[in-house]
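Input: a single structure, listed below in structure tokens.
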Amino acid sequence: MVVKVNTPGRNTMDLRDAIKKLLKLKYPASVMLWGWNQEKKFMFMYVFSIVLIVASNVIYNICQKSTPTRVDPFSALFVTYITAAAVTLLLFFFNKNQEGFFQTLEKLNWTSWALGIAIVGLEFGYLMAYRAGWKISVGSLVANIALALMLIPIGILFYKEGFGVNKMLGAIFCILGLILINK
């Protein structure tokens, strides 16, 4: 698999090269500690961020599918958000930031509020999809493929991302996959 990585001020590299460089690092788990150069931090974060997304999504979908149907969905979401808020606040204090919590809040814009609304829709949508009978192996796949297809024009139009022949073929395969998986 060749995935090109474009980073500001860096040459393009493919995913295999990035993983090879990461595996050569002596202590990848301690990348957040002082003493690591920017390249090592970049390489670690490049791979770690995707691993974190995938692992978190696995746990997320298992939890959504396992939430008891007799529980009011908004009670479940409320407890979820209280837990998320507590973990986020705790992590804020471990983050290397020179500013205080309230100073950083002053810099926020509309995106945090919109993201909060979107997250409620996302959580409620998954909960209702699983309660409606979607299988865990199919529901998330259909939602994520549809999402990826919806983000293609947004990436092209608003973020000036390229969309070559390989990506077009990939999108066609995604559409074919959606058709096949729903038969």
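The values are calculated or read from the model by the stated rules, or taken from the named source; none is laboratory data. Every value quoted in this text rests on a predicted model; they were computed, and no experiment measured them. Here the Cβ is made from the backbone with ideal geometry for all residues, glycine too, and neighbour counts use every protein chain on show.
Some notes on this structure:
- Restricting segment 73-120 to residues that are of a type in the set (Ser, Thr, Tyr) and under 23 Å from Arg131 (Cα atoms), the residue that is surrounded by the most Cβ atoms within 10 Å (Cβ to Cβ): Thr80
- Residue in segment 118-138 that is more than 27 Å from Phe78 (Cβ to Cβ) and either in contact (Cβ under 8 Å) with a residue 12 or more places away in the chain or under 19 Å from the mean Cα position of the chain (by Cα) (or both) present: yes
- Where a residue in segment 72-83 is closer than 10 Å to Phe124 by Cα and its partner, wherever it lies, is surrounded by 11 or more Cβ atoms within 10 Å (Cβ to Cβ) and β-branched (Val, Ile, Thr), with Cβ under 6 Å and at least six apart: Ala76/Thr67
- Any chance Ser140 is among the hydroxyl-bearing types (Ser, Thr, Tyr) and exposed (fewer than 14 other Cβ atoms within 10 Å of the Cβ): no
- The criterion of at least 2 residues that are at pLDDT below 90 and of a type outside the set (Ser, Thr, Tyr) is met, among helices (runs of 4 or more DSSP H) falling completely within segment 69-176, by 73-94, 101-105.
- Filter result for Val51 (loosely packed, with under 10 Cβ neighbours inside 10 Å, in a helix (DSSP H, G or I), free of Cβ contacts under 8 Å to residues at least 12 places away in the same chain and not aromatic (Phe, Trp, Tyr)): yes
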